[in-house]
1. Which condition number does residue 120 fail, the rest of (1) within 12 Å of the chain's Cα centre (by Cα); (2) without any contact (Cβ under 8 Å) to a residue 60 or more places away in the chain being met?
2. Kindly indicate whether residue 15 is among the β-branched types (Val, Ile, Thr) and under 22 Å from residue 151 (Cβ atoms).
3. Scan 91, 43 and give me the residue that is in contact (Cβ under 8 Å) with a residue 40 or more places away in the chain and under 17 Å from the mean Cα position of the chain (by Cα).
4. Output the residues belonging to region 64-101 that are touching a strand residue (DSSP E or B) at 6+ places or on another chain (Cβ under 7 Å) and either open to solvent by 30 Å² or more (accessible area, probe 1.4 Å) or part of a helix (DSSP H, G or I) (or both).
5. So residue 138 clears everything in (1) under 16 Å from the mean Cα position of the chain (by Cα); (2) in a helix (DSSP H, G or I) except one condition, right? Which one?
6. In region 139-151, how many are open to solvent by 30 Å² or more (accessible area, probe 1.4 Å), in contact (Cβ under 8 Å) with a residue 60 or more places away in the chain and out of contact with any helix residue (DSSP H, G or I) (no Cβ under 7 Å at 6 or more places or on another chain)?
7. In region 16-44, which residues are surrounded by 14 or more Cβ atoms within 10 Å (Cβ to Cβ) and not in a helix (DSSP H, G or I)?
8. Could you pull out the residue among 187, 206 that is at pLDDT 75 or above and either surrounded by 12 or more Cβ atoms within 10 Å (Cβ to Cβ) or of a type outside the set (Lys, Arg) (or both)?
Amino acid sequence: MTYTLNHDTVYVVTVDVTKLQPRAVLNGGKLLIFQFVEHHEDNLPDISEKPDIPPSLVQFWMMDDKGHINPKKRFPKPHSRLPGMRGQHTNRAIDFAIALNKFPVCFKDDDGVTINLVDGCMILVWLDYISQLRGHPMPEANACQMILKYMLLNREAFVKAFHDRMYYYSSGTKFCEVSTELSKWMTRQDKLHAAPQDPVRIHPLTHPSTH
């Protein structure tokens, strides 16, 4: 698709979010991020065949290349609510969702229709979490899909983990520490993605004049 801006031709490229690495989606701005969430929310994996996923199956940060965990080696701690996920990475991913004002809530509107925002928030946290995995796998990779299924099977624990993180920020001290920097960061991001992009211009080669 093309359009004209100040007599210059601007080319608009349609991006398929399913073909991008998680880090690329995060760096692409809110539009790509929410497209990613919408796509995966409409295509959630089937968890009916897996009634339970033990945390040890998704503790990938502890595993070697063969998928084994060395019990004698020290590793970063798992999350207290979601022991199948690395604690530090999970908290960072939840912070990312909080910064985008996304929360895992479920309610009914005036017409009695149930509005479920839990899965969308979960996918947002999942996106940031898998972007921190070693090797930067694609979302369709088995490891990433296993993590998503683990989260879906533990919705209640996920919501509690989110609430715990919100409580962490609810104190006046923590609020003063993070609110100003979060506000500055969001303002910079909004200005960055709102600014018009300069069209790409191709200049013909010029040769120095000879006398």
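1. Only one criterion is unmet by residue 120, namely (2).
2. When the stated conditions are applied, residue 15 does not pass them.
3. Exactly one of 91, 43 is in contact (Cβ under 8 Å) with a residue 40 or more places away in the chain and under 17 Å from the mean Cα position of the chain (by Cα), namely 91.
4. Of everything in region 64-101, those that are touching a strand residue (DSSP E or B) at 6+ places or on another chain (Cβ under 7 Å) and either open to solvent by 30 Å² or more (accessible area, probe 1.4 Å) or part of a helix (DSSP H, G or I) (or both) turn out to be 69, 76, 78, 86, 87.
5. Every condition holds for residue 138 apart from (2).
6. Looking only at that region, the number is 3.
7. Correct list: 20, 21, 28, 29.
8. So the residue among 187, 206 that is at pLDDT 75 or above and either surrounded by 12 or more Cβ atoms within 10 Å (Cβ to Cβ) or of a type outside the set (Lys, Arg) (or both) is 187.
The values are calculated or read from the model by the stated rules, or taken from the named source; none is laboratory data. Remember, it's a predicted structure, so these values are computed and weren't measured experimentally. With ideal geometry, Cβ positions are generated from the backbone for all residues, glycine too; neighbour counts draw on all protein chains shown. Side chains included, ligands, DNA and RNA excluded: accessible areas come from the protein's heavy atoms. Shrake-Rupley method; radii C 1.70, N 1.55, O 1.52, S 1.80 Å.
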